[in-house]
Amino acid sequence: MEVVILADATQIGGVAADAISILLSRKPDAVLGLATGSSPLAIYDELVARCDAGLITFGQARGFTLDEYVGLPADHAERYRNVIDRVFVSRVDFAPGAVQGPDGLAADIPAACAAYENAIRAVGGVDLQILGIGTDGHIGFNEPGSSLASRTRIKTLTRQTRVDNARFFGDDVESVPTHCLTQGLATIMEARHLILVATGRSKSEAVHHLVEGAVSALWPATILQHHPHVTVLLDDAAARRLQLVDYYRETYLAKPDWQGI
Ligand code: GLP
């Protein structure tokens, strides 16, 4: 696990966008794993700027989102399918239908989850997965207690996550759906490169467990310690509880320019 501590979200966006740009130049039909939430927004903004400038294209790329609320109407602004379109997909040049998400309105939820797993598998898996992290250590919507071997499925959201996400629902926690569909931890672990972004003090406990804690279903993101290629991009506030913070900083500073994340 590589831990990179940067000054702010803009720098984080630049470093992650560099990795995605390199991937796209090597593999124009790359499969990207897209996350919602505020953490990846600076990445998306930087990718949009590079696409506008003609430096990169998503014309042959595909995308899969991590998760979706169950039961939000198709036109609801906070439905993750609509969120990712608004913040990223519609702003670049993906081909129509190139980005998919789990179907939170499916009549047969287990079948929809299995179909989603098959769709990811059919394109050869995710090359690069962007991740945020919840204050309770969830990735995607894999809440504490999630099986470390889980696949795409329905989950009940914790009260903490619903409180955290109430800001998107007029600060009314009761308006936040109670259930979601999410790629499982084992699904996420199959992506070839994982880039997790966390900023702000509220994430520092989850980041501490993610990087330096014991692997446990209680802090689901800790499963990433078993992945061979994870990059954790943090600001100072999110890194404040890390024991080996000086080591992470020195290691990154000493890295040659040509060696990406
Ligand atoms: C949400 C999403 C996650 C996201 C997390 C953190 O509940 N399901 O994919 O990583 O919460 O969100 P944010 O980046 O806004 O803090």
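The values are calculated or read from the model by the stated rules, or taken from the named source; none is laboratory data. These numbers come from a predicted model, not from an experiment. Glycine gets a Cβ as well: all are built from the backbone with ideal geometry, and neighbour counts include every protein chain shown. Areas reflect the complete protein model, heavy atoms only, side chains present, ligands, DNA and RNA absent. Shrake-Rupley method; radii C 1.70, N 1.55, O 1.52, S 1.80 Å.
Carbon and sulfur atoms: what percent of the 1.4 Å accessible area of segment 55-133 do they account for?
57
FRET efficiency for the Gln243 to Leu218 pair, using the beta carbon distance and R₀ = 30 Å, is estimated at 0.95.
Once the piece of chain linking Asp52 and Ser38 is laid out straight, how much longer is it, given 0.36 nm per residue of separation minus the C-alpha distance between them?
2.9 nm
Accessible surface computed residue by residue for the chain, with neighbouring protein chains in place and a 1.4 Å probe, gives 43 Å² per residue. Under a model in which nothing but the beta-carbon of Lys, Arg (+1) and Asp, Glu (-1) is charged, segment 160-238 shows a dipole of about 200 debye around its Cα centre.
For the chain, averaging the sequence separation of C-alpha pairs within contact (under 8 Å, six or more residues apart) and dividing by the residue count gives a relative contact order of 24 percent. For segment 167-216, the set of trypsin sites (Lys or Arg not before Pro) satisfying both a DSSP loop assignment and a count of at most 14 other C-beta atoms within 10 Å is empty. In the calculated pair distance distribution of segment 133-173, what percentage of Cα-Cα distances lie above 11 Å? Distances greater than 11 Å cover 65 percent of the Cα pairs. Where a Cα-Cα gap under 17 Å defines reach, which aspartates and glutamates qualify for Lys203, not counting those fewer than 8 residues away within the same chain? Lys203 reaches Asp8, Asp136, Glu143, Asp164, Glu212, Asp235, Asp236. Of the solvent-accessible surface of segment 199-261, computed with a 1.4 Å probe and all protein chains present, 52% belongs to carbon and sulfur.
Evaluating 6.51 cos²θ - 1.76 cosθ + 1.60 at θ = phi - 60° for every residue in segment 63-70, the Karplus couplings come out as x, 10, 7, 7, 7, 7, 6, 8 Hz, glycine and proline recorded as x.
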